[in-house]
Amino acid sequence: MNPLLEQSEHLLALKVMRLTRPTLVGPQVITCEPKDLPHFSLRQSLENEGTTVAGAETLAVGQFMLLPQSFGNIYLGETFSSYICVHNCTSHTVEGVSVKADLQSNSTRISLPIHENKSKPATLAPDETLDDVIRYEVKEIGTHVLVCEVNYVTLAGIAQYFRKFFKFQVLKPLDVTTKFYNAEMDEIYLEAQIQNITTGPFCLEKVELDSSEQYTVTALNTLPNGESVFTSKNMLQPKNSCQFLYCIKPKPEIAKDINLLRMANNVGKLDIVWRSNLGEKGRLQTSPLQRLPFEYKDVRLEIVEALNIVKIGESFTFLCRITNTTDRPMDLIVKLPTILDFNCPYTGSAEFCLGPLDPTQQREFPLTIFPTKLGLIKVSPLILINTLKQEQYTIAKVVDVFVVDDDYYEDETFQMNKFVRYSASKPQHEDQSLQLQVV
(Lines give C-alpha, C1' and ligand atoms only; values in the text may rest on other atoms or scores of the structure.)
Protein backbone atom coordinates (compact mmCIF):
# COMPACT_ATOMS: atom_id res chain seq x y z
CA MET A 1 0.00 0.00 0.00
CA ASN A 2 1.32 3.39 -0.91
CA PRO A 3 0.06 6.41 1.06
CA LEU A 4 -0.61 9.27 -1.31
CA LEU A 5 -1.71 12.03 1.03
CA GLU A 6 -2.74 12.69 4.59
CA GLN A 7 -5.08 15.61 5.22
CA SER A 8 -4.99 17.35 8.62
CA GLU A 9 -6.45 20.81 7.95
CA HIS A 10 -9.99 19.82 8.98
CA LEU A 11 -11.50 17.93 11.87
CA LEU A 12 -11.10 14.78 9.82
CA ALA A 13 -8.00 13.35 8.22
CA LEU A 14 -8.17 11.68 4.81
CA LYS A 15 -5.77 8.94 3.82
CA VAL A 16 -5.76 7.38 0.38
CA MET A 17 -3.55 4.41 -0.42
CA ARG A 18 -3.23 2.46 -3.65
CA LEU A 19 -3.47 -1.30 -3.16
CA THR A 20 -0.99 -3.26 -5.25
CA ARG A 21 0.63 -6.68 -5.10
CA PRO A 22 3.93 -6.93 -3.22
CA THR A 23 7.14 -8.14 -4.83
CA LEU A 24 9.57 -10.83 -3.82
CA VAL A 25 12.82 -9.58 -2.35
CA GLY A 26 16.04 -11.49 -2.92
CA PRO A 27 19.53 -10.97 -1.54
CA GLN A 28 22.29 -9.24 -3.45
CA VAL A 29 24.72 -12.06 -4.10
CA ILE A 30 28.43 -11.23 -4.12
CA THR A 31 30.66 -14.25 -4.19
CA CYS A 32 33.97 -15.55 -5.49
CA GLU A 33 35.94 -18.73 -5.98
CA PRO A 34 36.48 -20.86 -2.84
CA LYS A 35 40.25 -20.45 -3.15
CA ASP A 36 40.03 -16.63 -3.04
CA LEU A 37 40.76 -14.83 0.21
CA PRO A 38 37.39 -13.04 0.65
CA HIS A 39 35.40 -16.22 0.10
CA PHE A 40 34.81 -16.90 3.80
CA SER A 41 33.77 -13.31 4.55
CA LEU A 42 31.41 -13.12 1.61
CA ARG A 43 29.90 -16.49 2.45
CA GLN A 44 29.35 -15.49 6.07
CA SER A 45 27.78 -12.20 4.99
CA LEU A 46 25.30 -14.03 2.75
CA GLU A 47 24.40 -16.49 5.51
CA ASN A 48 23.67 -13.58 7.87
CA GLU A 49 21.54 -11.80 5.27
CA GLY A 50 17.92 -11.92 6.41
CA THR A 51 16.43 -12.42 2.95
CA THR A 52 18.46 -15.49 1.98
CA VAL A 53 17.15 -19.05 1.99
CA ALA A 54 19.14 -21.40 4.18
CA GLY A 55 21.23 -23.76 2.09
CA ALA A 56 20.68 -21.75 -1.10
CA GLU A 57 22.29 -18.44 -0.25
CA THR A 58 24.02 -18.00 -3.61
CA LEU A 59 20.88 -18.60 -5.72
CA ALA A 60 19.43 -15.12 -5.02
CA VAL A 61 16.09 -16.73 -4.13
CA GLY A 62 13.94 -14.48 -1.99
CA GLN A 63 11.59 -15.60 0.76
CA PHE A 64 10.25 -12.21 1.82
CA MET A 65 7.74 -9.88 0.22
CA LEU A 66 8.35 -6.17 -0.15
CA LEU A 67 5.44 -3.76 0.02
CA PRO A 68 5.37 -1.19 -2.80
CA GLN A 69 7.54 1.81 -2.08
CA SER A 70 6.01 4.01 -4.80
CA PHE A 71 2.72 4.48 -6.60
CA GLY A 72 3.94 2.24 -9.46
CA ASN A 73 2.49 1.84 -12.94
CA ILE A 74 -1.14 1.23 -13.88
CA TYR A 75 -1.85 -0.36 -17.23
CA LEU A 76 -4.94 -0.34 -19.39
CA GLY A 77 -7.14 -3.34 -18.64
CA GLU A 78 -5.93 -3.72 -15.05
CA THR A 79 -8.00 -3.00 -11.96
CA PHE A 80 -7.18 0.14 -9.99
CA SER A 81 -7.69 -0.55 -6.28
CA SER A 82 -7.47 2.08 -3.57
CA TYR A 83 -8.00 2.17 0.18
CA ILE A 84 -9.78 5.30 1.41
CA CYS A 85 -9.82 6.07 5.12
CA VAL A 86 -11.34 9.01 7.00
CA HIS A 87 -10.08 9.36 10.58
CA ASN A 88 -11.49 11.50 13.38
CA CYS A 89 -8.35 12.96 14.87
CA THR A 90 -10.18 15.23 17.37
CA SER A 91 -11.27 14.57 20.96
CA HIS A 92 -14.98 14.89 20.22
CA THR A 93 -17.57 13.21 18.01
CA VAL A 94 -18.01 14.35 14.43
CA GLU A 95 -21.39 13.85 12.81
CA GLY A 96 -22.71 13.82 9.27
CA VAL A 97 -19.59 12.17 7.82
CA SER A 98 -19.82 10.97 4.24
CA VAL A 99 -17.26 10.21 1.54
CA LYS A 100 -17.62 10.44 -2.23
CA ALA A 101 -15.08 9.16 -4.78
CA ASP A 102 -15.03 10.01 -8.49
CA LEU A 103 -12.55 8.91 -11.15
CA GLN A 104 -12.03 11.44 -13.90
CA SER A 105 -10.30 10.75 -17.21
CA ASN A 106 -9.80 12.84 -20.32
CA SER A 107 -13.32 12.08 -21.55
CA THR A 108 -15.42 10.76 -18.66
CA ARG A 109 -16.10 11.17 -14.96
CA ILE A 110 -17.35 8.11 -13.08
CA SER A 111 -18.74 7.94 -9.58
CA LEU A 112 -17.21 4.98 -7.74
CA PRO A 113 -19.30 2.98 -5.24
CA ILE A 114 -18.10 3.46 -1.67
CA HIS A 115 -19.57 2.62 1.75
CA GLU A 116 -22.56 0.91 0.15
CA ASN A 117 -23.13 -1.32 3.17
CA LYS A 118 -22.91 1.47 5.76
CA SER A 119 -25.45 4.02 6.89
CA LYS A 120 -25.04 7.51 5.45
CA PRO A 121 -24.10 9.91 6.88
CA ALA A 122 -21.98 8.33 9.60
CA THR A 123 -20.96 9.51 13.06
CA LEU A 124 -17.32 9.15 14.07
CA ALA A 125 -16.23 8.98 17.69
CA PRO A 126 -12.73 10.19 18.62
CA ASP A 127 -10.02 8.10 16.89
CA GLU A 128 -12.71 6.22 14.94
CA THR A 129 -12.33 5.67 11.22
CA LEU A 130 -14.59 5.28 8.22
CA ASP A 131 -12.88 3.28 5.51
CA ASP A 132 -13.54 1.28 2.37
CA VAL A 133 -11.79 -0.15 -0.70
CA ILE A 134 -12.75 1.01 -4.19
CA ARG A 135 -11.99 -0.92 -7.36
CA TYR A 136 -12.28 0.10 -10.97
CA GLU A 137 -11.07 -1.48 -14.21
CA VAL A 138 -9.37 1.33 -16.09
CA LYS A 139 -10.67 1.67 -19.64
CA GLU A 140 -8.71 4.61 -21.04
CA ILE A 141 -5.07 5.46 -21.59
CA GLY A 142 -3.77 8.77 -20.27
CA THR A 143 -4.17 10.99 -17.24
CA HIS A 144 -6.66 9.97 -14.56
CA VAL A 145 -7.62 11.89 -11.43
CA LEU A 146 -9.14 10.32 -8.34
CA VAL A 147 -11.34 12.95 -6.65
CA CYS A 148 -12.19 12.27 -3.00
CA GLU A 149 -14.72 14.50 -1.23
CA VAL A 150 -15.39 14.37 2.52
CA ASN A 151 -18.47 16.01 4.07
CA TYR A 152 -19.14 16.47 7.78
CA VAL A 153 -20.86 18.76 10.31
CA THR A 154 -18.90 20.76 12.91
CA LEU A 155 -19.85 21.14 16.57
CA ALA A 156 -21.45 24.46 15.68
CA GLY A 157 -23.71 22.70 13.17
CA ILE A 158 -21.93 24.12 10.13
CA ALA A 159 -21.62 21.81 7.15
CA GLN A 160 -18.04 21.51 5.94
CA TYR A 161 -16.36 19.61 3.15
CA PHE A 162 -12.98 19.27 1.52
CA ARG A 163 -11.66 17.59 -1.60
CA LYS A 164 -8.39 16.01 -2.49
CA PHE A 165 -7.12 15.08 -5.96
CA PHE A 166 -4.80 12.19 -6.77
CA LYS A 167 -3.37 12.17 -10.27
CA PHE A 168 -1.92 9.13 -12.02
CA GLN A 169 -1.17 7.89 -15.53
CA VAL A 170 -2.65 4.81 -17.21
CA LEU A 171 -0.17 3.27 -19.64
CA LYS A 172 -0.51 0.96 -22.61
CA PRO A 173 0.56 -2.60 -21.71
CA LEU A 174 0.58 -4.28 -25.12
CA ASP A 175 1.44 -3.48 -28.68
CA VAL A 176 -0.64 -5.59 -31.08
CA THR A 177 -0.01 -5.68 -34.82
CA THR A 178 -1.74 -7.91 -37.35
CA LYS A 179 -1.11 -9.18 -40.86
CA PHE A 180 -3.83 -10.54 -43.10
CA TYR A 181 -3.13 -13.02 -45.88
CA ASN A 182 -5.87 -13.61 -48.44
CA ALA A 183 -5.33 -17.15 -49.69
CA GLU A 184 -6.36 -18.32 -53.13
CA MET A 185 -9.39 -19.73 -51.38
CA ASP A 186 -12.00 -17.84 -49.39
CA GLU A 187 -9.83 -18.52 -46.35
CA ILE A 188 -8.00 -15.68 -44.61
CA TYR A 189 -4.93 -16.19 -42.45
CA LEU A 190 -4.37 -13.76 -39.61
CA GLU A 191 -1.00 -13.36 -37.93
CA ALA A 192 -1.22 -11.43 -34.66
CA GLN A 193 1.95 -10.23 -32.93
CA ILE A 194 1.71 -9.26 -29.26
CA GLN A 195 4.57 -7.32 -27.67
CA ASN A 196 5.07 -6.67 -23.96
CA ILE A 197 5.72 -2.93 -23.55
CA THR A 198 5.43 -2.90 -19.75
CA THR A 199 8.41 -2.67 -17.40
CA GLY A 200 8.09 -6.23 -16.12
CA PRO A 201 7.34 -9.74 -17.39
CA PHE A 202 3.85 -11.13 -17.66
CA CYS A 203 2.19 -14.41 -18.61
CA LEU A 204 -0.29 -14.59 -21.48
CA GLU A 205 -3.21 -16.56 -20.09
CA LYS A 206 -5.49 -16.40 -23.15
CA VAL A 207 -5.23 -15.05 -26.69
CA GLU A 208 -8.36 -15.84 -28.70
CA LEU A 209 -9.94 -14.45 -31.84
CA ASP A 210 -13.66 -13.90 -31.31
CA SER A 211 -15.11 -14.12 -34.80
CA SER A 212 -17.86 -11.92 -36.17
CA GLU A 213 -21.21 -13.28 -37.34
CA GLN A 214 -19.95 -13.76 -40.92
CA TYR A 215 -16.88 -15.91 -40.15
CA THR A 216 -15.65 -18.98 -38.30
CA VAL A 217 -12.17 -19.14 -36.76
CA THR A 218 -9.69 -21.99 -36.31
CA ALA A 219 -6.64 -21.37 -34.13
CA LEU A 220 -3.38 -22.72 -35.59
CA ASN A 221 -1.30 -22.46 -32.43
CA THR A 222 -1.13 -26.11 -31.43
CA LEU A 223 0.98 -29.06 -32.53
CA PRO A 224 -0.55 -32.22 -34.05
CA ASN A 225 -0.53 -33.85 -30.60
CA GLY A 226 -2.63 -31.00 -29.21
CA GLU A 227 0.15 -29.24 -27.30
CA SER A 228 0.64 -25.51 -27.60
CA VAL A 229 3.47 -24.26 -29.79
CA PHE A 230 4.45 -22.01 -26.88
CA THR A 231 5.78 -22.88 -23.47
CA SER A 232 3.26 -23.77 -20.81
CA LYS A 233 3.54 -20.36 -19.17
CA ASN A 234 3.61 -18.19 -22.31
CA MET A 235 5.92 -15.83 -20.41
CA LEU A 236 6.83 -12.57 -22.14
CA GLN A 237 9.72 -10.48 -20.93
CA PRO A 238 9.68 -6.69 -21.47
CA LYS A 239 10.04 -5.77 -25.17
CA ASN A 240 9.62 -9.43 -26.18
CA SER A 241 6.84 -10.52 -28.51
CA CYS A 242 5.17 -13.66 -29.82
CA GLN A 243 2.99 -14.47 -32.82
CA PHE A 244 -0.37 -16.23 -33.06
CA LEU A 245 -1.90 -17.62 -36.25
CA TYR A 246 -5.58 -18.07 -37.10
CA CYS A 247 -7.47 -19.41 -40.11
CA ILE A 248 -10.66 -17.49 -40.83
CA LYS A 249 -13.36 -18.85 -43.13
CA PRO A 250 -16.61 -17.21 -44.21
CA LYS A 251 -19.77 -19.06 -43.27
CA PRO A 252 -21.39 -21.05 -46.11
CA GLU A 253 -24.23 -18.59 -46.61
CA ILE A 254 -21.67 -15.78 -46.99
CA ALA A 255 -19.20 -17.74 -49.14
CA LYS A 256 -21.77 -18.64 -51.78
CA ASP A 257 -22.82 -15.02 -52.33
CA ILE A 258 -20.10 -12.90 -53.94
CA ASN A 259 -21.75 -9.61 -52.99
CA LEU A 260 -22.10 -10.59 -49.32
CA LEU A 261 -18.51 -11.83 -49.27
CA ARG A 262 -17.23 -8.54 -50.63
CA MET A 263 -19.03 -6.61 -47.88
CA ALA A 264 -18.04 -8.93 -45.00
CA ASN A 265 -14.86 -7.12 -43.96
CA ASN A 266 -15.16 -7.36 -40.16
CA VAL A 267 -13.66 -10.69 -39.05
CA GLY A 268 -13.75 -10.21 -35.26
CA LYS A 269 -11.71 -9.07 -32.26
CA LEU A 270 -8.70 -10.39 -30.39
CA ASP A 271 -9.40 -11.13 -26.72
CA ILE A 272 -6.21 -11.01 -24.63
CA VAL A 273 -5.86 -11.97 -20.94
CA TRP A 274 -2.56 -11.78 -19.07
CA ARG A 275 -1.24 -11.97 -15.53
CA SER A 276 1.66 -9.94 -14.20
CA ASN A 277 3.23 -9.65 -10.73
CA LEU A 278 1.86 -12.34 -8.37
CA GLY A 279 -1.13 -13.04 -10.59
CA GLU A 280 -2.34 -9.48 -11.19
CA LYS A 281 -4.89 -9.89 -13.99
CA GLY A 282 -5.43 -7.72 -17.05
CA ARG A 283 -7.76 -8.12 -20.00
CA LEU A 284 -8.15 -6.21 -23.26
CA GLN A 285 -9.85 -6.50 -26.61
CA THR A 286 -8.64 -5.06 -29.87
CA SER A 287 -10.71 -2.87 -32.11
CA PRO A 288 -12.61 -4.78 -34.86
CA LEU A 289 -10.21 -6.41 -37.31
CA GLN A 290 -10.82 -5.47 -40.94
CA ARG A 291 -9.58 -7.88 -43.60
CA LEU A 292 -8.46 -6.95 -47.07
CA PRO A 293 -11.45 -6.90 -49.42
CA PHE A 294 -11.81 -9.79 -51.81
CA GLU A 295 -11.34 -8.67 -55.38
CA TYR A 296 -12.33 -11.25 -57.99
CA LYS A 297 -11.87 -11.21 -61.72
CA ASP A 298 -14.78 -11.74 -64.07
CA VAL A 299 -14.89 -15.48 -63.36
CA ARG A 300 -14.04 -17.54 -60.32
CA LEU A 301 -13.00 -21.19 -60.30
CA GLU A 302 -13.48 -23.48 -57.29
CA ILE A 303 -12.47 -27.11 -57.01
CA VAL A 304 -15.44 -28.51 -55.14
CA GLU A 305 -14.25 -32.12 -54.90
CA ALA A 306 -10.91 -33.74 -55.70
CA LEU A 307 -8.88 -36.69 -54.48
CA ASN A 308 -5.65 -35.86 -52.77
CA ILE A 309 -3.89 -39.07 -53.87
CA VAL A 310 -4.41 -41.09 -57.07
CA LYS A 311 -2.68 -44.18 -58.49
CA ILE A 312 -0.76 -43.92 -61.72
CA GLY A 313 -2.71 -44.97 -64.78
CA GLU A 314 -6.08 -44.52 -63.08
CA SER A 315 -8.45 -41.74 -64.02
CA PHE A 316 -8.45 -38.61 -61.89
CA THR A 317 -11.78 -36.78 -61.95
CA PHE A 318 -12.30 -33.50 -60.15
CA LEU A 319 -15.43 -31.39 -59.85
CA CYS A 320 -15.17 -27.70 -60.77
CA ARG A 321 -17.44 -24.77 -60.11
CA ILE A 322 -17.47 -21.57 -62.18
CA THR A 323 -19.03 -18.36 -60.83
CA ASN A 324 -19.82 -15.25 -62.85
CA THR A 325 -18.61 -12.44 -60.58
CA THR A 326 -19.48 -9.60 -62.95
CA ASP A 327 -22.70 -7.64 -63.31
CA ARG A 328 -23.29 -8.81 -66.89
CA PRO A 329 -24.28 -12.19 -68.40
CA MET A 330 -21.74 -14.56 -69.96
CA ASP A 331 -21.80 -17.50 -72.35
CA LEU A 332 -18.74 -19.64 -71.59
CA ILE A 333 -16.79 -22.31 -73.42
CA VAL A 334 -14.48 -24.48 -71.28
CA LYS A 335 -11.18 -25.83 -72.66
CA LEU A 336 -8.67 -28.14 -71.01
CA PRO A 337 -6.10 -28.43 -73.80
CA THR A 338 -3.84 -31.38 -74.48
CA ILE A 339 -0.17 -30.53 -73.96
CA LEU A 340 1.88 -32.18 -76.71
CA ASP A 341 4.98 -32.58 -74.63
CA PHE A 342 6.83 -35.73 -73.57
CA ASN A 343 7.37 -34.20 -70.12
CA CYS A 344 3.64 -33.59 -69.54
CA PRO A 345 2.70 -35.61 -66.42
CA TYR A 346 -0.83 -36.47 -67.59
CA THR A 347 -3.00 -37.08 -70.63
CA GLY A 348 -6.54 -35.95 -71.32
CA SER A 349 -8.34 -32.94 -72.74
CA ALA A 350 -11.78 -31.40 -72.84
CA GLU A 351 -13.72 -28.74 -74.72
CA PHE A 352 -17.40 -28.04 -74.26
CA CYS A 353 -19.93 -25.24 -73.96
CA LEU A 354 -20.85 -24.39 -70.39
CA GLY A 355 -23.77 -22.25 -71.47
CA PRO A 356 -25.07 -18.87 -70.32
CA LEU A 357 -24.31 -17.59 -66.83
CA ASP A 358 -26.16 -14.66 -65.28
CA PRO A 359 -24.39 -12.37 -62.77
CA THR A 360 -23.43 -14.29 -59.54
CA GLN A 361 -24.72 -17.53 -61.09
CA GLN A 362 -22.70 -20.73 -60.58
CA ARG A 363 -22.34 -23.94 -62.56
CA GLU A 364 -20.50 -27.18 -61.78
CA PHE A 365 -18.84 -29.63 -64.19
CA PRO A 366 -16.36 -32.54 -63.94
CA LEU A 367 -12.97 -32.84 -65.66
CA THR A 368 -10.94 -36.04 -66.06
CA ILE A 369 -7.23 -36.69 -66.72
CA PHE A 370 -4.93 -39.74 -66.60
CA PRO A 371 -1.64 -39.27 -64.69
CA THR A 372 1.44 -40.70 -66.39
CA LYS A 373 4.18 -39.77 -63.90
CA LEU A 374 4.71 -40.31 -60.19
CA GLY A 375 4.87 -37.48 -57.70
CA LEU A 376 3.02 -34.19 -57.37
CA ILE A 377 1.54 -33.10 -60.70
CA LYS A 378 -0.16 -29.83 -61.56
CA VAL A 379 -3.13 -29.70 -63.90
CA SER A 380 -3.08 -26.52 -66.00
CA PRO A 381 -4.09 -24.44 -67.81
CA LEU A 382 -7.87 -24.13 -67.98
CA ILE A 383 -9.21 -21.73 -70.60
CA LEU A 384 -12.62 -20.02 -70.40
CA ILE A 385 -13.97 -18.10 -73.40
CA ASN A 386 -16.87 -15.66 -73.14
CA THR A 387 -18.47 -15.82 -76.57
CA LEU A 388 -20.63 -12.77 -75.94
CA LYS A 389 -17.63 -10.43 -75.83
CA GLN A 390 -14.91 -12.71 -77.20
CA GLU A 391 -13.02 -12.52 -73.88
CA GLN A 392 -10.62 -15.26 -72.84
CA TYR A 393 -9.62 -16.14 -69.28
CA THR A 394 -6.63 -18.41 -68.67
CA ILE A 395 -6.33 -20.07 -65.27
CA ALA A 396 -2.70 -21.06 -64.86
CA LYS A 397 -3.16 -23.30 -61.81
CA VAL A 398 -6.21 -25.54 -61.59
CA VAL A 399 -5.54 -28.43 -59.19
CA ASP A 400 -2.66 -30.49 -57.76
CA VAL A 401 -2.69 -34.23 -57.11
CA PHE A 402 -0.12 -36.62 -55.73
CA VAL A 403 0.39 -39.66 -57.98
CA VAL A 404 1.55 -42.92 -56.36
CA ASP A 405 2.46 -46.39 -57.63
CA ASP A 406 -0.31 -48.89 -58.28
CA ASP A 407 0.63 -50.98 -55.22
CA TYR A 408 0.10 -48.04 -52.86
CA TYR A 409 -2.49 -48.59 -50.14
CA GLU A 410 -4.04 -46.32 -47.54
CA ASP A 411 -6.97 -46.86 -45.21
CA GLU A 412 -8.78 -43.67 -45.90
CA THR A 413 -8.84 -41.42 -48.96
CA PHE A 414 -8.81 -37.74 -48.15
CA GLN A 415 -10.99 -35.43 -50.16
CA MET A 416 -10.65 -31.68 -50.35
CA ASN A 417 -13.90 -29.84 -49.88
CA LYS A 418 -14.50 -26.57 -51.73
CA PHE A 419 -10.84 -25.97 -52.42
CA VAL A 420 -10.65 -22.73 -54.38
CA ARG A 421 -7.78 -22.70 -56.83
CA TYR A 422 -8.42 -19.52 -58.70
CA SER A 423 -9.65 -16.08 -57.83
CA ALA A 424 -8.81 -12.55 -58.75
CA SER A 425 -6.88 -11.76 -55.60
CA LYS A 426 -3.36 -13.04 -55.19
CA PRO A 427 -2.21 -13.80 -51.64
CA GLN A 428 -1.97 -10.44 -49.92
CA HIS A 429 -1.06 -9.15 -46.53
CA GLU A 430 -1.60 -5.96 -44.62
CA ASP A 431 0.04 -4.67 -41.45
CA GLN A 432 -2.31 -3.12 -38.91
CA SER A 433 -1.52 -1.52 -35.59
CA LEU A 434 -4.58 -1.91 -33.42
CA GLN A 435 -6.30 0.10 -30.73
CA LEU A 436 -6.90 -1.69 -27.46
CA GLN A 437 -10.03 -1.45 -25.38
CA VAL A 438 -11.27 -2.92 -22.14
CA VAL A 439 -13.78 -5.75 -22.45
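Things to note:
- When residues in the stretch 196-215 are screened for being surrounded by fewer than 14 Cβ atoms within 10 Å (Cβ to Cβ) and farther than 19 Å from Gly77 by Cβ, 1 of them pass.
- Residue count for the stretch 271-306, restricted to those that are closer than 20 Å to Glu187 by Cα and not β-branched (Val, Ile, Thr): 16
- Flag if Ile333 is aliphatic (A, V, I, L, M), under 17 Å from Val399 (Cβ atoms) and in contact (Cβ under 8 Å) with a residue 40 or more places away in the chain: no
- Search result, residues across the stretch 282-314 that are surrounded by 14 or more Cβ atoms within 10 Å (Cβ to Cβ) and within 30 Å of Thr20 (Cα to Cα): Gly282, Arg283, Leu284, Gln285, Thr286
- 1 or more residues within 16 Å of Leu357 (Cβ to Cβ): qualifying strands (runs of 3 or more DSSP E) within the stretch 293-339: 299-307, 316-324, 330-336
- Being in contact with a Cys (Cβ under 9 Å, 6 or more places away or on another chain), surrounded by fewer than 19 Cβ atoms within 10 Å (Cβ to Cβ) and either among the small types (Gly, Ala, Ser) or over 21 Å from Glu302 (Cα atoms) (or both) is a property that Thr218 has.
- Test: residue in the stretch 243-255 that is touching a residue at least 60 places away in the same chain (Cβ under 8 Å) and loosely packed, with under 13 Cβ neighbours inside 10 Å: no
- Screening the stretch 138-210 for strands (runs of 3 or more DSSP E) wholly inside it with 1 or more residues that are at positive phi returns the ranges 142-153.
- Residue among Glu57, Glu78 that is under 25 Å from Thr143 (Cβ atoms), among the acidic types (Asp, Glu) and either open to solvent by less than 80 Å² (accessible area, probe 1.4 Å) or at pLDDT below 90 (or both): Glu78
- Of all residues making up the stretch 346-405, the number that are in a loop (DSSP other than H, G, I, E, B), over 41 Å from the mean Cα position of the chain (by Cα) and charged (D, E, K, R): 4
- Residues (assigned to a strand (DSSP E or B) and either touching a Leu at 6+ places or on another chain (Cβ under 8 Å) or within 18 Å of Arg18 (Cβ to Cβ) (or both)) located in the stretch 100-110: Ala101, Asp102, Leu103, Gln104, Arg109, Ile110
Residue by residue, here is whether (1) surrounded by 15 or more Cβ atoms within 10 Å (Cβ to Cβ); (2) in contact (Cβ under 8 Å) with a residue 12 or more places away in the chain; (3) closer than 18 Å to Tyr75 by Cα; (4) among the small types (Gly, Ala, Ser) holds:
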site: Ser107; (1), (2), (3), (4): no, yes, yes, yes
site: Glu116; (1), (2), (3), (4): no, no, no, no
site: Val138; (1), (2), (3), (4): yes, yes, yes, no
site: Ala156; (1), (2), (3), (4): no, no, no, yes
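- Comparison of Lys249, Lys239 shows that the only residue that is in contact with a Ser or Thr (Cβ under 6 Å, 6 or more places away or on another chain) and among the basic types (Lys, Arg) is Lys249.
- Asn343 being polar (S, T, N, Q) and more than 30 Å from Tyr393 (Cβ to Cβ): no
Listed here are the residues, each with its yes/no results for (1) closer than 30 Å to Ala101 by Cα; (2) surrounded by 15 or more Cβ atoms within 10 Å (Cβ to Cβ); (3) within 13 Å of the chain's Cα centre (by Cα); (4) among the aromatic types (Phe, Trp, Tyr).
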{"position": "Arg163", "(1), (2), (3), (4)": "yes, no, no, no"}
{"position": "Lys167", "(1), (2), (3), (4)": "yes, no, no, no"}
{"position": "Lys172", "(1), (2), (3), (4)": "yes, yes, no, no"}
{"position": "Thr177", "(1), (2), (3), (4)": "no, yes, yes, no"}
{"position": "Ile194", "(1), (2), (3), (4)": "no, yes, yes, no"}
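- When residues in the stretch 153-210 are screened for being touching a Lys or Arg at 6+ places or on another chain (Cβ under 8 Å) and among the charged types (D, E, K, R), 6 of them pass.
- For the stretch 90-105, the set of residues classified as open to solvent by 20 Å² or more (accessible area, probe 1.4 Å) and more than 14 Å from Val150 (Cα to Cα) consists of Thr90, Ser91, His92, Thr93, Gln104, listed by residue number.
- Selection from the stretch 222-239 of residues that are over 30 Å from Gln169 (Cα atoms) and buried (at least 16 other Cβ atoms within 10 Å of the Cβ): Phe230
- Within the stretch 118-136, residues that are within 18 Å of Leu146 (Cα to Cα) have Cβ atoms under 6 Å from residues that are of a type outside the set (A, V, I, L, M, F, W, C) in these pairs: Asp132/His115; Val133/Tyr83; Ile134/Ser82; Arg135/Thr79; Arg135/Ser81, counting only partners at least 6 apart in sequence or on another chain.
Okay, residues lined up against (1) open to solvent by less than 20 Å² (accessible area, probe 1.4 Å); (2) touching a helix residue (DSSP H, G or I) at 6+ places or on another chain (Cβ under 7 Å); (3) farther than 29 Å from Tyr408 by Cα; (4) not β-branched (Val, Ile, Thr):
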site	(1), (2), (3), (4)
Phe318	yes, no, no, yes
Arg321	no, no, yes, yes
Asn343	no, no, no, yes
Cys353	no, no, yes, yes
Pro356	no, no, yes, yes
Thr360	no, yes, yes, no
Ile369	yes, no, no, no
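The values are calculated or read from the model by the stated rules, or taken from the named source; none is laboratory data. Quantities reported herein were computed from a predicted structural model and do not represent experimental measurements. In this analysis, Cβ positions are derived from the backbone assuming ideal geometry, glycine residues included, and neighbour counts consider all displayed protein chains. Areas reflect the complete protein model, heavy atoms only, side chains present, ligands, DNA and RNA absent. Shrake-Rupley method; radii C 1.70, N 1.55, O 1.52, S 1.80 Å.
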